[in-house]
Amino acid sequence: MTRLAERGPADEGHLVRAAGGALWRPAAGGGLETALVHRPRYDDWSLPKGKLDTDEHVLTAAVREVVEETGLDVVVGRRSVRTEYEVAEGTKRVDYWLMRVVGGRFAPNDEVDRLRWLPLAEAGTLVSHEADRAVLADLARTDVPREPALLLVRHGRAGNKSEWDGPDELRPLDGKGRRQAHRLAEVLPLFRPTELLTARRTRCRQTVEPLAERLGLTVADLPELGEEEFAADPQAALAVVERLLSARQEPGVTVVCSQGGAIPSVLVALGVGWAGVAGVQPPAAKGSVWALGGRPGALAADYYRDFSADADDAAVLGPR
């Protein structure tokens with residue numbers, strides 16, 4: 001097992017948080033091209049990035065900064081590396097995601113006056129900072145996919161089971177759970193969902209309904225991923241998951257909402273570990289998301305506990 005994202009040592013002193021993207025598109029003759037930006041303030045060539053705003057999650061900051069600097073439309077892929085280096089204010093920590101460019105047009109602006117599309121090898125030569133070369137090296141990898149195919153979502157908070165007077169499958173989201181659902185509807189479109197599926201539980205369906213409304217998609221039942229259904233026939237559930245993980249040519253993901261008794265078991269079956277600790281099941285907090293791509297043995301797996309400003313999910317381990 002190896003890290004899917006580099007994580008630096010514990011910082012001392014002031015920490016400057018930033019985020020950005022390694023942009024890519026298929027090259028006309030095969031292979032990939034990536035985009036570098038020129039910042040006249042520093043007279044350097046770098047990957048697009050910028051500092052987090054107050055109360056901003058690192059992923060949404062990464063996309064915002066990429067769009068502001070480049071004007072390009074992107075679909076979020078897997079996490080890339082985290083870089084850390086010293087600046088005048090303290091330690092600067094930059095989290096990167098791989099991002100496929102699907103449209104938009106660059107126009108010079110106050111921060112960036114030029115943008116160049118280059119093959120990866122040329123980009124590695126032109127880029128001004130060694131830290132950016134580590135991100136480009138991660139973009140060049142072919143042993144794990146650059147994009148997830150499946151977002152595995154645990155339903156939002158649904159109150160206390162012992163206090164619910166009715167069939168458990170009908171237990172609804174509580175106030176916090178509804179807020180979690182609306183937050184997911186704000187962030188998950190960055191991955192371009194194309195299909196929404198749910199276990200047959202009211203709380204699961206309610207978790208993805210705001211996302212469905214935002215995207216104009218319908219929500220279909222996926223009974224195999226319910227907690228009891230998974231326990232009764234785990235092989236049927238895993239067959240569905242492996243089908244949903246199949247590589248696709250066009251960008252986009254399937255979103256599946258399930259339960260806390262099923263999600264960790266699915267992840268363990270796929271070979272996903274957590275934080276380098278043997279024997280510890282992967283987490284699945286209420287309202288959390290696992291972004292999965294690839295297949296057992298070559299799997300990318302990123303965990304998002306939530307999308308609040310203070311969330312700092314650790315690197316995930318996968319069988320690679």
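Observations on the structure shown:
- Scanning the range 161-184 for residues that are under 20 Å from residue 226 (Cα atoms) and of a type in the set (Gly, Ala, Ser), we see that the one that is surrounded by the most Cβ atoms within 10 Å (Cβ to Cβ) is 181.
- Count of residues meeting criterion [assigned to a helix (DSSP H, G or I) and modelled with pLDDT under 95] in the range 123-139: 2
- Flag: residue 102 matches the condition of being part of a strand (DSSP E or B) and not assigned by TED's automatic domain parsing to the domain that holds residue 243.
- Evaluated against (1) outside any loop (DSSP other than H, G, I, E, B); (2) assigned by TED's automatic domain parsing to the domain that holds residue 266; (3) touching a Gly at 6+ places or on another chain (Cβ under 9 Å); (4) not acidic (Asp, Glu), residue 197 falls short on exactly one condition, (3).
One line per residue, one yes/no per condition, for (1) modelled with pLDDT under 95; (2) within 21 Å of residue 178 (Cα to Cα):
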{"residue": "207", "(1), (2)": "no, yes"}
{"residue": "218", "(1), (2)": "no, yes"}
{"residue": "228", "(1), (2)": "no, no"}
{"residue": "233", "(1), (2)": "no, no"}
{"residue": "245", "(1), (2)": "no, no"}
{"residue": "259", "(1), (2)": "no, yes"}
{"residue": "263", "(1), (2)": "no, yes"}
{"residue": "280", "(1), (2)": "yes, no"}
{"residue": "287", "(1), (2)": "no, yes"}
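- Residue among 83, 60, 91 that is among the hydroxyl-bearing types (Ser, Thr, Tyr) and touching a Gly at 6+ places or on another chain (Cβ under 7 Å): 91
- Only one of 143, 113 that is more than 26 Å from residue 293 (Cα to Cα), surrounded by fewer than 23 Cβ atoms within 10 Å (Cβ to Cβ) and either modelled with pLDDT under 95 or not β-branched (Val, Ile, Thr) (or both): 113
- Selection status of residue 237, over 24 Å from residue 75 (Cα atoms), surrounded by 22 or more Cβ atoms within 10 Å (Cβ to Cβ) and out of contact with any strand residue (DSSP E or B) (no Cβ under 8 Å at 6 or more places or on another chain): yes
- Residues of the range 146-160 satisfying the condition of being out of contact with any strand residue (DSSP E or B) (no Cβ under 7 Å at 6 or more places or on another chain) and either crowded, with 17+ Cβ neighbours inside 10 Å or closer than 30 Å to residue 42 by Cα (or both): 156, 157, 158
This table checks each residue for (1) of a type outside the set (S, T, N, Q); (2) under 23 Å from residue 146 (Cβ atoms); (3) at pLDDT below 95; (4) touching a His at 6+ places or on another chain (Cβ under 6 Å).
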{"position": "13", "(1), (2), (3), (4)": "yes, no, yes, no"}
{"position": "44", "(1), (2), (3), (4)": "yes, no, no, no"}
{"position": "54", "(1), (2), (3), (4)": "no, no, yes, no"}
{"position": "58", "(1), (2), (3), (4)": "yes, yes, no, no"}
{"position": "61", "(1), (2), (3), (4)": "yes, yes, no, no"}
{"position": "65", "(1), (2), (3), (4)": "yes, yes, no, no"}
{"position": "69", "(1), (2), (3), (4)": "yes, yes, no, no"}
{"position": "87", "(1), (2), (3), (4)": "yes, no, yes, no"}
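- Single residue of 44, 55 found to be closer than 16 Å to residue 136 by Cβ, surrounded by fewer than 18 Cβ atoms within 10 Å (Cβ to Cβ), among the acidic types (Asp, Glu) and in contact (Cβ under 8 Å) with a residue 12 or more places away in the chain: 44
- Members of the range 157-175 found to be in a loop (DSSP other than H, G, I, E, B) and closer than 25 Å to residue 306 by Cβ, listed by number: 157, 158, 159, 160, 164, 171, 172, 173, 174
Table: residues versus (1) under 17 Å from residue 262 (Cβ atoms); (2) touching a Ser or Thr at 6+ places or on another chain (Cβ under 6 Å).
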{"residue": "209", "(1), (2)": "no, no"}
{"residue": "213", "(1), (2)": "no, no"}
{"residue": "227", "(1), (2)": "yes, no"}
{"residue": "252", "(1), (2)": "no, yes"}
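The values are calculated or read from the model by the stated rules, or taken from the named source; none is laboratory data. For clarity, every value in this text was computed on a predicted model and none was experimentally measured. Positions of Cβ are backbone-derived with ideal geometry, glycine not excepted, and every protein chain shown enters the neighbour counts.
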